[in-house]
Amino acid sequence: MNKKWKRTTVLGGLAVIVMVILRRRKKQLKLSENNIKIVREKKKKRQ
């Protein structure tokens, strides 16, 4: 019982950490995509 309980808490903790990291990555991806779009628009205006 005790070992199983510990294992599930460790897996649960890891899952939470992974979720947080993925959410942060998604936010960063959205930001970088927006930055790329802005840069492209600026280049188009220059031409």
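The values are calculated or read from the model by the stated rules, or taken from the named source; none is laboratory data. No experiment lies behind these values; they were computed from the predicted model shown. With ideal geometry, Cβ positions are generated from the backbone for all residues, glycine too; neighbour counts draw on all protein chains shown.
Can LYS30 be described as exposed (fewer than 10 other Cβ atoms within 10 Å of the Cβ) and assigned to a helix (DSSP H, G or I)? Talk me through it step by step, then tell me what you get.
Values: exposed (fewer than 10 other Cβ atoms within 10 Å of the Cβ): no; assigned to a helix (DSSP H, G or I): yes.
No; evaluated as a whole, the condition is false for this residue.
Say whether the condition of being more than 17 Å from the chain's Cα centre (by Cα) and at pLDDT 90 or above is met by at least one residue in region 27-37. Walk me through it before giving the result.
Pass one, region 27-37, residues more than 17 Å from the chain's Cα centre (by Cα): 36-37.
Those still in the list that are at pLDDT 90 or above too: 37.
Within region 27-37 (the criterion being more than 17 Å from the chain's Cα centre (by Cα) and at pLDDT 90 or above), the answer is yes, since at least one residue qualifies.
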